[in-house]
Structure formats: structure tokens, C-alpha cells
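For reference, the structure discussed in these notes is given below.
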Amino acid sequence: MSHINTIFNQLLSLLPRHEFERSVSLTSANKYVKYFSCWQQFIVLLYAQILKKESLRDITSSLRTQSRKWYYIGLTNISRSTLSDANSKRSFRIYEDLFYHLLHRCRDLTPKHKFRFKNPLYTIDATTVDLCLSLFPWAKYRQTKGALKMHFLYDHAGCLPSFLVVTQDRMSDIRVIKEEDFASKLLPDSVLLPKENKY
């Protein structure tokens, strides 16, 4: 069989597979798994994110159209029920560990900010994600609206997000800073700007 190096496969090659598998091993997430491993789940989720897929049916249908190329990215099979089970049962810590490993790698490559002071500079900002209230009743925001809020700690040294907390939509940034211990994520002598002062 001839080798085909797809763009998606090239993208996967940039990710630290050994670090990912170490996190999987620590959480025993692949225990009793027959064929849909955590790495395959990650491949599917990354594919869905890149192509902006919005449902399990959309993800699996789109992937099946590319089934002849599955071999080259290490995917063997996919079904909605298997993907749904994996998403609901497997620990998010695997992907959190991968994020922080990639963040550490990116910090070494990105330039520092050009301000005259040498202190680490951060901004806290938030974005709201609308949710279907019938599917996510716990996310009730208004009478007919569901939503959650993602609070980002944005590191201006390299323009990177360095921390994220997901809360219910009514949670303010100030309350999140106090309750989620954002301060422990900051370097000593850091400067924290509210989102209104972003440049």
C-alpha cells in the first residue's frame, strides 16, 4: 500500500503523542477499550473542530466519506453511540494535560511583549457560548436561553491563553478570579488588566 501523507496527518505529527499516551495511562482511560482508543477519540474531536461540525451525526457522516484515508491517521471505525459514550465517560484531564504541554512548548517559541516594564502581563476576558436549553437545562440563563461562560487568562507574552474556567453564564470575571484561584496561575509580580483595558 502506497504511503499518503495527508495534511491532517501532518497536523497530528506536530502533537506530542508520547505525552498524550502518558496522560491516558495515568487515568487508565483505555482500560477495557476494544477499538476506539483515546487517541482515536482525539483524532475525531480535532477533525470535528477543524471542520466546525455541530453534531455527532454530522461528525460521523463526514468522516465516513473519508473512510479510505482512515488508515493513514490511525482511525479504524466510528459510530455515534461509541463517540457519545467516549465523550461522556472519559476524563477531560487527558486533554487538559495535552493543552498545558503544548502551551509550555509554545511559550518557548513566542516573543515577549514589547512594553518597557518587565513584569508578566495578563488580561482576563470572557466569552459566552449559547446552548440549547432543552438539551442543557442546567445552563439556564434566561427564560428561553441557555448559556455558559468561558473565562480566559490571556498571557500577553506571546499572545497565548494560559488558563480557562468554564462557569454558568451569570458568573462575573471578578467572582471567578476570587473563587477559582486565578492568582495561583500567575507568575510573581504579574500585572493583571481587566478586559476593558485591552489594547
### Message
I'm checking my understanding of the structure. Among residues of region 27-44 that are touching a residue at least 12 places away in the same chain (Cβ under 8 Å) and among the hydrophobic types (A, V, I, L, M, F, W, C), which one is nearest to Lys89 (Cα to Cα)?
### Response
Ala29
### Task
For region 111-118, indicate whether the set of residues that are at pLDDT 80 or above and over 15 Å from the mean Cα position of the chain (by Cα) is non-empty.
no
### Query
Failed condition for Lys118, given (1) assigned to a helix (DSSP H, G or I); (2) surrounded by fewer than 12 Cβ atoms within 10 Å (Cβ to Cβ), with all others met?
(1)
### Query
Does any residue of region 28-37 turn out to be within 19 Å of Ser13 (Cβ to Cβ) and at pLDDT 85 or above?
yes
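Can you go through Asp97, Asp108 and tell me which one is assigned to a helix (DSSP H, G or I), exposed (fewer than 11 other Cβ atoms within 10 Å of the Cβ) and acidic (Asp, Glu)? Working first, answer last.
Numbers: Asp97 fails: exposed (fewer than 11 other Cβ atoms within 10 Å of the Cβ).
Just a single option satisfies the conditions, and that option is Asp108.
Do we have any residue at all in region 84-94 that's outside any loop (DSSP other than H, G, I, E, B), acidic (Asp, Glu) and in contact with an Asp or Glu (Cβ under 8 Å, 6 or more places away or on another chain)?
Start the filter on region 84-94 by keeping residues that are outside any loop (DSSP other than H, G, I, E, B), which leaves 84-89, 93-94.
If we keep only those that are acidic (Asp, Glu) as well, we get 85.
Okay, now just the ones that are also in contact with an Asp or Glu (Cβ under 8 Å, 6 or more places away or on another chain), so none.
Taking every residue of region 84-94 in turn, none turns out to be outside any loop (DSSP other than H, G, I, E, B), acidic (Asp, Glu) and in contact with an Asp or Glu (Cβ under 8 Å, 6 or more places away or on another chain).
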### Task
Having 2 or more residues that are in contact with a helix residue (DSSP H, G or I) (Cβ under 8 Å, 6 or more places away or on another chain) and crowded, with 18+ Cβ neighbours inside 10 Å is the bar; report the helices (runs of 4 or more DSSP H) wholly within region 33-81 that clear it.
38-50, 56-64
### Query
Ala29 fails exactly one of the following numbered conditions: (1) in a loop (DSSP other than H, G, I, E, B); (2) exposed (fewer than 15 other Cβ atoms within 10 Å of the Cβ). What is the number of that condition?
(2)
### Query
In region 153-175, is there at least one residue being surrounded by 13 or more Cβ atoms within 10 Å (Cβ to Cβ), hydrophobic (A, V, I, L, M, F, W, C), in contact with a Cys (Cβ under 7 Å, 6 or more places away or on another chain) and at pLDDT below 80?
yes
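Restricting region 129-147 to residues that are buried (at least 18 other Cβ atoms within 10 Å of the Cβ) and at pLDDT 80 or above, which is farthest from Thr110 (Cα to Cα)? Walk me through it before giving the result.
Step one: of region 129-147, the residues buried (at least 18 other Cβ atoms within 10 Å of the Cβ) are 131, 139, 146.
Of the ones still in play, those that are also at pLDDT 80 or above are 131, 146.
Details: Leu131: 34, Gly146: 37 Å.
Here the answer is Gly146.
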### Message
Looking at region 8-26 only, could you name the residues that are assigned to a loop (DSSP other than H, G, I, E, B) and either touching a strand residue (DSSP E or B) at 6+ places or on another chain (Cβ under 7 Å) or within 19 Å of Phe92 (Cβ to Cβ) (or both)?
### Response
Leu15, Pro16
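The values are calculated or read from the model by the stated rules, or taken from the named source; none is laboratory data. None of these values were measured; they are calculated from a predicted model. Please note: Cβ atoms are built from the backbone with ideal geometry, for glycine as well, and neighbour counts cover all protein chains shown.
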